[in-house]
Structures are given as C-alpha cells and as structure tokens.
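These notes concern the structure reproduced below.
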Amino acid sequence: MIDEYKKEADVRMNKAVDALGNAFNKIRTGRAHPSLLDGITVDYYGVITPLAQAASIVIEDARTLSVTPWKKSLVQAIEKAIMKSDLGLNPSTAGTVIRIPLPPLTEETRKVYGKQAKAEAENARISVRNIRRDVLSGLKSLLKDKEISEDEERKGQDDIQKITDSFIARIDEALAAKEKDLMEI
C-alpha cells in the first residue's frame, strides 16, 4: 500500500519537473530553438491552434528561426501572433516564409530571464513539496485507520523524503543548466 503512494509521488513529481522543462523552453536564450514559439497560437480558420500545428518551424542558423505556414493565407496571422507574443521578436516575411531573427541578449535581459528561470524553478520546488505533503497526509490517514503500523509510516515518510530530495536536486540541475545557457554569449 505504501508502494502505491511512492509511485504516485514519483509520477506527480515527474510531471512537475516536465512542466519546469516546458517553462524553461519558453525562456529565450541567445540561440534559436523551435520550442521558443511553443506558447504562440494562431487563429486557423476560426480555431485557435498552436503555431507548430499551422506551420513548420525550422532553425535556419544559430540566431534565426524560419516559419513556413501550411497555407499561404496564414502568413499575416502568424506574423501578428509572433509580434503580439511577449518574446520581443520582430518577424520579417519574404513570400510565404517568415524569418525570425533573434536579437542578441543584453546583460540586462539575461538577468531578467535568469530571474524568470529562478521563479519557475521555485514554483516547481513548491509543487514537489505540495505533492510530498499530500502523500504524507495519505500515509497519516492510513496510520489513523490502522491499515499500517507506525514503523511502516515512518519508513514511508523517509522514502517519500528521499524521492522529494532527488526531484529537488533534478530541479536545481535544470536551473543551473538554464542559467549557464543564459549567460553564454
């Protein structure tokens, strides 16, 4: 029964770390990456659609993304969506191809993105701790209902804490990697 709680904690904490990875992908570094445009949606014939489903996104060079819409009529809508996004990008259109040059990051923007990355990492840590709290309260209710002994509960708490510590370490590693990426010129 305790193993089920451990598996639940592991699965939920994995989701928190995955969400952190997605959040980090949206934080711009100096290099071009298609996942940078993941949060952008386009009005595709009356349906709000993620950009990746309405166009192909390719890395042209280290600082340029190229977006080719599936339909020529979408070029203006995609261009507007990219400009409206909070990424600070200015696309230029040549026929049906939209090129997005990524301006080099200034020291100030690097610091702002670094703070954003730290905030996202802290949110992930909070999520992991909340999951730990939920699982531990489940263990306590098992003890209260006399389904497990105090020793089993204590061992379960220790195991859950070890799982939590490993996920917090993974979050810290991801943050360190993102900060290193941001500070690269």
Check your understanding: With respect to I171, is the statement that it is surrounded by 12 or more Cβ atoms within 10 Å (Cβ to Cβ), touching a residue at least 40 places away in the same chain (Cβ under 8 Å), assigned to a helix (DSSP H, G or I) and of a type outside the set (S, T, N, Q) true?
Key -> yes
Review point. Scanning for something over 19 Å from the mean Cα position of the chain (by Cα), surrounded by fewer than 12 Cβ atoms within 10 Å (Cβ to Cβ) and within 30 Å of P91 (Cα to Cα), does the range 107-116 turn up at least one residue?
Key: yes
**Study point:** Among the candidates T29, T68, T49, residue that is among the hydroxyl-bearing types (S, T, Y), in contact (Cβ under 8 Å) with a residue 12 or more places away in the chain, in a strand (DSSP E or B) and surrounded by 13 or more Cβ atoms within 10 Å (Cβ to Cβ)
**Key:** T68
**Study point:** Top-ranked residue in the range 124-166 [being of a type in the set (S, T, N, Q) and touching a residue at least 40 places away in the same chain (Cβ under 8 Å); ranked as farthest from D18 (Cα to Cα)]
**Key:** T164
Review point. Does the range 72-92 contain at least one residue that is part of a strand (DSSP E or B), over 25 Å from E179 (Cα atoms) and either at pLDDT below 90 or under 24 Å from the mean Cα position of the chain (by Cα) (or both)?
Key: yes
Exercise for review: Say whether the condition of being touching a residue at least 40 places away in the same chain (Cβ under 8 Å) and out of contact with any Lys or Arg (no Cβ under 7 Å at 6 or more places or on another chain) is met by at least one residue in the range 71-81.
Suggested key: yes
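The values are calculated or read from the model by the stated rules, or taken from the named source; none is laboratory data. Please read all numbers here as calculations on a predicted model, not as lab measurements. All Cβ positions, even for glycine, are placed from backbone atoms using ideal geometry, and neighbour counts span all protein chains on display.
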